[in-house]
Each structure stands twice: as structure tokens, then as C-alpha cells.
Amino acid sequence: MKGKRMSALATASLMAMTALAAMPQPAMADEEKTVINIWSKDRHDADYVQKKIDEYNENNTDNIEVNYQLYTDNYTQAVDMAVQSGEMPDILVFQDQMFDKYIGEDQWADLYEFMDDDMKEMFKDVIHEGYNEFDGKLYFIPTTGVTCRLFYNKEIFDRVGIENPPKTLEEMVEDAKLITSELADEGIYGFAENMKSASSGLNRSMIVGLQRETGAPMGYDFEKGEYDFTTWADELKLWTELLSDECAFPGCESLDIDPLRTQFAAGKIGMYMSYSHAEPGVYANQFPMDSDKWDCAPIPTAGGKEVGKQYFSATSSYMLNAKSENLEKAYQVYHDIFTTEEYLIGYYEGGYGVSIIPAILEKAEPSDDFKNKEWLKINPETDALLPKPPHSAFTSGMIVEGEDMFKTCESIYYGGADIESTLQDLTDRYNKAYQEAIENGTGYEIKIENYDPMNPTLQ
């Protein structure tokens, strides 16, 4: 009896264990999941991206949790600190300055190590040696394109009798004065720019106009192989007027881009300059504004000069942290969220950026803004990929004494510094830093024989 009873107990125990194994098991606790951290600087597409990440977190079967964080006002500082502390996220939205600064430190992963043939075929048209591919390694894949444009309020223009957007910077100054003089009593002003950060404000406005006006991106003459900022004098004289009380929205010197957009959407600003990919989504979703009230045009230049192309940058790109402990899973997240047709079509159709992927352009139905506002698109007559000047090509290796080009410009248009002598000093300091970088081996000579600014070539 004892043996039979033990046998019965054993059988019952075995049946209970079998039944337990067959029962659905609870999901592993969050702390046991692999967390992939993504950092972004882009507010304009944040809702769209977060929605896609939420869907991935809910549906992926790989026990991965994606943590998405925005650093819209201090992205570069956050990345710098993360590099120094060894706390970099697994995936980062591409940003030129940070990419250039840390590529020499093997910070970014080579995507070719993970890509299959289908992926290489899909994105072959946006891979450029000297831009995102270096020495046979691919560091980021752009999926949309952006440059900078002048954005203007059509209703305000109509009210003061301005028929067309300005083509020269001189016309722009006069238009801004006219709007301010006639409508300031209603709190409406001719011009604004997000000048709280000189680099942020100028990189989307004056610097871009100067590329077409002088043919020397960021003050660097690629044929001569030297910097020359003295060619910025005419532009800065006009910018000093443009930012004066006669033209500008009060408080531009402390204005961020989103508060500026808020005022533009409210009909308080006649003109400003910014990135072409962001504004359609901003005014459709973030700060609602009727599409028929605004449009964009090329950034005006001093005297209407046009001797070179202005940059366009391939956007919606992501860099993978090569030092991540979860690099393979980070690539899996990047691939499964950001490179799918569904994601890329939705991104373009949602107005978050202009696709530059042929397969997406064939299938997508973009918003009316992208259909009807021709200057939102990349235009080969004005826009091109430009080579990198020394301070961008080897950011960490070229140390400029004193204020950089952006703060130096600020000392002119807000501080009243003498234009000619200040720009000559800026030229001398950048050339000195460039030559020292070459001599120290932290940089190298950048010179393109027979460089044509209207038909620029990458190095």
C-alpha cells in the first residue's frame, strides 16, 4: 500500500508540474528586459517617433524595451557629458557637430557590419563617400533631406502691400521695416530669429545665405585652402539692421525657436528663417496654423549675389554607439523601427520631412504643403551636399582661440564691434588654428583643386 500511495503521489505531482508548465507564464519583469536608450534633439517629429516606439515596446517579442528621450535645448552638451562619463545612449539622432567631433574616437558603429543585401539596396542612393561613408564604413543613413528657407506670413505681406518674398537681403530689411512701422501697434513685427543661441540662429539663416553669396561654406575657401571671413562684412551690416528695433520682434536676443514659432503661428511675425523639413509638421501638429497663411522662399543674399550652392543636409538619420554593451540589439531596434517602409512613408506623409529614398517617393502621398510649396523641397538649382571645412572635418583637432565665428558675429550685430577689424581678427584666428592642427597632426590639409562652388564636390 505504501508503494502504491507513493506512486500515486508521484503521478499527481508529475501531473501538477505538467499542468503548471502548460499554463501561460507571466512576462519577465521590466528590469530583466534589455533597455535600448535613444536620444533625440528633434521636437517636431517627437510625437510620431514616440508612437512608433510605443508600438514596438508593446509588440516586440525579443524582450526589448526602448527608452526615448528628448534633449531639444542642450543636445550637444548632453552628448559631450555622456561621452566624458561613459554613459552614452545606444542610439542617437544624427547631428553634424557631434558626428564630426567623435568620429575620430571610434564612437560610431559601422552599419555595414549589420546590414543585409536588401538593406544595402534600399538605401544605396543616399550613401556618399566623404559624407556618411568613410574608408569603407557607413556611419548613418539619411532618409529625408533638409536645407534652410525664408518663411513668411502671406496675410501680413498682403496687409502692407508686399507682393512677393524678398530676393535680396536689402529688400528683406526694407520689408521688415515696413511691417514693423505699420503693424507694431498691433504687436506684429517684420522679422525674428532664434538668437538666444548664436550658433542655432545663424546656422539656419545667415550662414546658409552666405554659402550662396560667397561660395565659401563657413568662411572656408576650398580652392585656396584658407579661411576668409572678411567677405561677411556686407551681410553683417544688413543683419545689424535686421535685428534692430526697426525690424525685429522684441526680445530676439533671448528667443528660442519654439517660442518664435508660436508667435509666427499667432500672426505676430512677418518673416524668419529655419529648416525646411520641420515647419510643415510644426504648423500641422505642434502650433496649428492654416497652411494657406504661410509659405517659404530661398534665403535672400546681400545684393542678390549667388556664386555658390547652399548646403542641404540629409536628415532623419541615426548613429549607433559603437561602445554600447547591446550593440546588436540596438541595431535591431534601429532597423525594425526607423528603416521600415511603413515608418518612412508615414514620416513623409505626416509632414515631418521630405523623403529622399526613391522607393518611398514612389509610394507615398505627401501632405499638401509638400505638394504645393515648391521651396520646401530640395532644389538642385540652389542646394547641394557641400564638403566640410577643417573645423568641421576634425572638430576636436582644431582649437580656435577666443570666440568662435557665431559669438564673434553676435559681438557685431548686438555688441557694436567694428565689422572689418573683427572679421579680419576672426580670419587670422581660424587660419592660425588650422595651421597648428596640421603641424600637430590633429588635422590635415583640406584643399580642392579647381573647386567650383556652383558644382561642389565632396572630398
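The values are calculated or read from the model by the stated rules, or taken from the named source; none is laboratory data. What you see is a predicted model, and the numbers here were worked out from it, not measured in a lab. Glycine gets a Cβ as well: all are built from the backbone with ideal geometry, and neighbour counts include every protein chain shown. Side chains included, ligands, DNA and RNA excluded: accessible areas come from the protein's heavy atoms. Shrake-Rupley method; radii C 1.70, N 1.55, O 1.52, S 1.80 Å.
All other residues with a Cβ under 13 Å from the Cβ of D54 taken together, and with Lys, Arg as +1 and Asp, Glu as -1, what is their net charge? Neighbour charge sum, excluding D54 itself: -2.
Rounding to the nearest 20 debye, state how big the charge dipole of segment 399-446 is about its Cα centre with +1 on each Lys and Arg Cβ and -1 on each Asp and Glu Cβ. Could you put the intermediate results ahead of the total?
Values: 3 positive and 11 negative charges, 18 e Å.
For this selection, approximately 80 debye.
For C252, what charge total do you get from the other residues with a beta carbon under 11 Å from its beta carbon, if Lys and Arg give +1 and Asp and Glu give -1?
Summing Lys/Arg as +1 and Asp/Glu as -1 gives -3.
Legend: residue pairs K237/K432; K167/K309; K177/K268; K101/K137, Cα-Cα distance threshold 22 Å; pairs beyond threshold, K237/K432.
For segment 68-195, what class follows from the C-alpha gyration tensor (a ≥ b ≥ c being the square roots of its eigenvalues): rounded when a/c is under 1.5, otherwise prolate if a/b is larger than b/c, else oblate? Don't skip to the end; give the middle numbers.
Working: a/c = 3.48, a/b = 2.13, b/c = 1.64.
Prolate, since a/c reaches 1.5 and a/b exceeds b/c.
For segment 363-431, what does the accessible surface come to per residue with a 1.4 Å probe? Please give it in Å². Present the calculation step by step, with values, prior to reporting the outcome.
Working: 3140 Å² over 69 residues.
Result: 45 Å² per residue.
With R₀ fixed at 45 Å, the C-beta to C-beta distance from E133 to V160 puts the FRET efficiency at about 0.40. Considering segment 357-410 at the alpha-carbon level, its Rg and Dmax are found to be 18.7, 51 Å. Given +1 at the Cβ of Lys and Arg, -1 at the Cβ of Asp and Glu and no other charges, the dipole of the chain around its Cα centre is 1580 debye to the nearest 20. Working from label points 7 Å from Cα in the Cα-to-Cβ sense, the T230 to D118 distance is 5.9 nm.
Overall, the anisotropy analysis places segment 352-459 in the prolate class: the square-rooted eigenvalues a ≥ b ≥ c of its C-alpha gyration tensor yield a/c not less than 1.5, with a/b exceeding b/c. Please report the orientation-averaged projected area of the chain, defined via the convex hull of its C-alpha atoms, in nm². Its average projected convex-hull area is 28.4 nm². Nonpolar atom fraction for the chain, defined as the carbon and sulfur part of the 1.4 Å probe accessible area, stands at 48 percent.
Dipole of segment 44-188, Cα-centred, from +1 at each Lys and Arg C-beta and -1 at each Asp and Glu C-beta, to the nearest 20 debye? Kindly include the intermediate steps, with their values, before the conclusion.
On the way: 11 positive and 35 negative charges, 78 e Å.
In total the dipole reaches around 380 debye.
Taking every DSSP beta bridge that has both residues in the chain, what percent is antiparallel when rounded to the nearest 5?
Counting only bridges with both partners in the chain, antiparallel ones make up about 60 percent.
Hey, what did the chain get for relative contact order, percent, Cα under 8 Å, at least 6 apart? Contact order relative to length: 23 percent. Can you pull out the GluC sites (Glu not before Pro) in segment 172-257 that DSSP calls coil and that have at most 12 other Cβ atoms within 10 Å? The qualifying sites: there are none. Each Lys or Arg adds one and each Asp or Glu takes one away; over the other residues whose Cβ falls under 9 Å from the Cβ of T427, this sums to -3.
Full-extension gain between H335 and Q424, please, as 0.36 nm times their residue separation minus the C-alpha to C-alpha distance. Could you put the intermediate results ahead of the total?
Numbers: separation 89, 0.36 × 89 = 32.04 nm, distance 4.79 nm.
My answer for the length gained is 27.3 nm.
Each stretch of four or more DSSP H residues adds -39500 (n - 2.57); spread over every residue of the chain, this sum gives -11500 deg cm²/dmol at 222 nm.
Give me the number: length gained by fully extending Y414 to E32, i.e. 0.36 nm times residue separation minus the C-alpha to C-alpha distance, one decimal in nm. Walk me through the numbers before you get to the answer.
Working: separation 382, 0.36 × 382 = 137.52 nm, distance 5.39 nm.
Here the answer is 132.1 nm.
Helix 327-338 and the longest principal axis of the C-alpha atoms of the chain enclose an angle of approximately 70°.
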